[in-house]
Amino acid sequence: MTADISSTSAPGALSLRERKKLKTRAALVDTALALFTERGFDGVTLDELCEAVEVSKRTFFRNFASKEQVASAPLEALWNGLRDDVEHLPFGRVPVLEVLQEALLVALARMDDGGAWVTRVRRSRELAERTPSIAAYGLQYCDGTSAAIEATLQRRLGLDPADPRPRLALDLVVASFHAALRAWTARPGALTHAGLAAELRSVFAALPGALAFSVA
């Protein structure tokens, strides 16, 4: 797993090498999103991005597999966190869907860094909406990450791999987040981390009604 550019670990808890790596990743993401927004995704070469951050292409590829991945990094940090958290979630008599909902809210709370992550998410989402290769990468990443989480759920809950319930619960959580993200970005005024969290809680609260929704 790649390091999370939105890590909330105390500086003293990380080695100098780890802090430098996080700083380099953040610089690559912020510079890439700024350049892609200004000149278009295809208007910025990998060489130009590396030159702007003053790193080698080798350093870039130690952190990201492609330009598409660096453009998608803000939301990847969120979902990578959830993927890792599922290994340690306290499953009991609470419905798995509710456990996953709370886990996503916890993962989202870790992204609250004073506004930088929100700015990255907004720019990343705008780029994905007008850049087919970023959108395609995002779908591929989502499918791979969902499959990994599903496998962990099946193993931890002792379920048959053919049991559809873990993936269905996870897909509801993923769909809820995307619905919240759409509503959040459509709101007038400044976007905030608290606003996205509130929107997500609102969508989660609407889920039971959506499952029984019908038109007279």
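For this structure, a couple of remarks:
- Nitroxide proxy distance, nm - points 7 Å out along Cα→Cβ at Ala52 and Arg122: 1.8 nm
- Accessible area per residue (1.4 Å probe, heavy atoms of protein chains only) ranks Trp79, Trp117 as Trp79, Trp117, with the largest value leading.
- Solvent-accessible surface (1.4 angstrom probe) belonging to His88, in square angstrom, nearest 10: 150 Å²
- Intensity falloff of the chain expressed as log10 I(q)/I(0), Debye formula with alpha-carbon point scatterers, at q = 0.10, 0.15 Å⁻¹: -0.49, -1.05
- Table column - 3J(HN,Hα) (Hz), segment 136-150, Karplus curve with 6.51, -1.76, 1.60, x for Gly and Pro: 5, 4, x, 5, 5, 4, 4, 5, x, 5, 5, 5, 5, 5, 4
- Accessible area in the full protein assembly, largest first, 1.4 Å probe, for Glu38, Glu54, Glu87, Glu98: Glu54, Glu38, Glu98, Glu87
- Cα centre as origin, Lys/Arg/Asp/Glu Cβ charges: the chain dipole, Debye: 320 debye
- Axis of helix 67-85 versus longest Cα principal axis of the chain: the two differ by about 40°, to the nearest ten degrees.
- Since only Leu22, Trp117, Val99 are under comparison, the one whose Cα sits farthest along the positive direction of the charge dipole of segment 1-144, derived from C-beta charges on Lys, Arg, Asp and Glu, is Leu22.
- Rounded tilt (10° steps) of 16-39 against the dominant C-alpha axis of the chain: 90 degrees
The values are calculated or read from the model by the stated rules, or taken from the named source; none is laboratory data. Given the structure is predicted, the values throughout are model-derived calculations rather than measurements. Neighbour counts run over all protein chains shown; Cβ positions are idealised from the backbone, glycine included. Just the protein is used for accessible areas: all its heavy atoms, side chains included, with ligands, DNA and RNA removed. Shrake-Rupley method; radii C 1.70, N 1.55, O 1.52, S 1.80 Å.
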